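Report on the following structure.
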Amino acid sequence: MSTEFQIFTSLRYDPTLVQIPDSSLSHASWNHKNRSPLYMLDFHRDRMLRAATHWGWEAAVTALSGNAGLEMLAAFILQNIAAEDQDGPMRVRVTISKNGEMGITSGRVPATPLSNLFPMQLPRSGSGSDDGNEHLPSKTPEYEIVIADLGTVRSEFTHFKTTQREMYDKARERARIALPDRKEVLILNEADQSVMEGSIATPYFWRNGNWITPTVSKEYSPRNGSGGQDGTSRRWALERQVILIGSSR
């Protein structure tokens, strides 16, 4: 595995998000307080900052810290998305290096209802698509889920999101997944065979009447938690008790 890597985060750019401050979605937090097309920007900044702090990347920490860091990140993204692409939703990948240099790539993604982006609860297992509740997210599209054939050793690179992604790429290759396949592979912790993470998505499981997700320690630990990523959507759902922590075996 290469010693040269960058920290990154992937977030959604979506013009419909600017409607949230005028809506009833007060639980949308940063997006309800800030008229921005950038989804959960504060959580994405936080995950990058925690990773930079962990590795002692002083220039990156300085760039990302405080309100100035958040404003810098927003300005960098908006200034570097091509104007002709800003009329629809995109997946934006932002990187930062040890010396604080930033990069960006983006690509089109499908439209998604706001209820899917900021759910107040998740549908019960076995229920209909929305049970008549406008606040429940849609269950479509559906993905085929497979289990990785080999376990993965937990590390800093399974906890933080970086360009060191060999463990995920190889798991997807062995599962014969290629974008835009609607298929995901669950990564297993080599030590105990519990589910650590998805290769590109956060897994939730229905257990005893609740949705649960594998435990992830707040800071990187070689012992605590499943070893999975410090994810943004997981953090948001846990803080609002949309999901709970539980066993992933």
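Quick one: would you say residue 49 is surrounded by fewer than 18 Cβ atoms within 10 Å (Cβ to Cβ), assigned to a helix (DSSP H, G or I), within 20 Å of the chain's Cα centre (by Cα) and of a type outside the set (Ser, Thr, Tyr)?
Spelling it out, it is not the case that residue 49 is surrounded by fewer than 18 Cβ atoms within 10 Å (Cβ to Cβ), assigned to a helix (DSSP H, G or I), within 20 Å of the chain's Cα centre (by Cα) and of a type outside the set (Ser, Thr, Tyr).
If you check residue 188 against the conditions, is it within 26 Å of residue 124 (Cα to Cα), at pLDDT 90 or above, among the hydrophobic types (A, V, I, L, M, F, W, C) and more than 17 Å from the chain's Cα centre (by Cα)?
On the way: within 26 Å of residue 124 (Cα to Cα): yes; at pLDDT 90 or above: yes; among the hydrophobic types (A, V, I, L, M, F, W, C): yes; more than 17 Å from the chain's Cα centre (by Cα): yes.
In short, yes.
Just for the stretch 146-163: of the residues that are surrounded by fewer than 20 Cβ atoms within 10 Å (Cβ to Cβ) and either of a type in the set (A, V, I, L, M) or under 17 Å from the mean Cα position of the chain (by Cα) (or both), which one is farthest from residue 217 (Cα to Cα)?
Residue satisfying both the conditions and the ranking: 146.
I'm checking my understanding of the structure. Among residues of the stretch 52-105 that are within 19 Å of the chain's Cα centre (by Cα) and of a type in the set (Lys, Arg), which one is farthest from residue 14 (Cα to Cα)?
Top of the filtered list is 93.
Scan the stretch 204-213 and tell me whether some residue there is surrounded by 15 or more Cβ atoms within 10 Å (Cβ to Cβ), hydroxyl-bearing (Ser, Thr, Tyr) and part of a loop (DSSP other than H, G, I, E, B).
For the stretch 204-213, residues surrounded by 15 or more Cβ atoms within 10 Å (Cβ to Cβ), hydroxyl-bearing (Ser, Thr, Tyr) and part of a loop (DSSP other than H, G, I, E, B): present.
Select from the stretch 217-249 the residues that are part of a helix (DSSP H, G or I) and of a type in the set (A, V, I, L, M, F, W, C) and write down the one among them that is surrounded by the fewest Cβ atoms within 10 Å (Cβ to Cβ).
Checked the stretch 217-249; the qualifying residue surrounded by the fewest Cβ atoms within 10 Å (Cβ to Cβ) is 238.
Modelled with pLDDT of 95 or more and either farther than 19 Å from residue 102 by Cα or not in a helix (DSSP H, G or I) (or both): does that describe residue 8?
Numbers: modelled with pLDDT of 95 or more: yes; either farther than 19 Å from residue 102 by Cα or not in a helix (DSSP H, G or I) (or both): yes.
For residue 8, the condition - modelled with pLDDT of 95 or more and either farther than 19 Å from residue 102 by Cα or not in a helix (DSSP H, G or I) (or both) - is met.
Specify which of the listed residues (187, 177) is under 27 Å from residue 48 (Cβ atoms), hydrophobic (A, V, I, L, M, F, W, C), touching a strand residue (DSSP E or B) at 6+ places or on another chain (Cβ under 6 Å) and in a loop (DSSP other than H, G, I, E, B).
Going through 187, 177 in turn, the sole match is 177.
Looking only at residues that are touching a residue at least 24 places away in the same chain (Cβ under 8 Å) and surrounded by fewer than 17 Cβ atoms within 10 Å (Cβ to Cβ) in the stretch 20-41, which one is nearest to residue 136 (Cα to Cα)?
Per the stated criteria, the residue is 27.
The values are calculated or read from the model by the stated rules, or taken from the named source; none is laboratory data. Not measured: the values here are computed from a predicted model. Please note: Cβ atoms are built from the backbone with ideal geometry, for glycine as well, and neighbour counts cover all protein chains shown.
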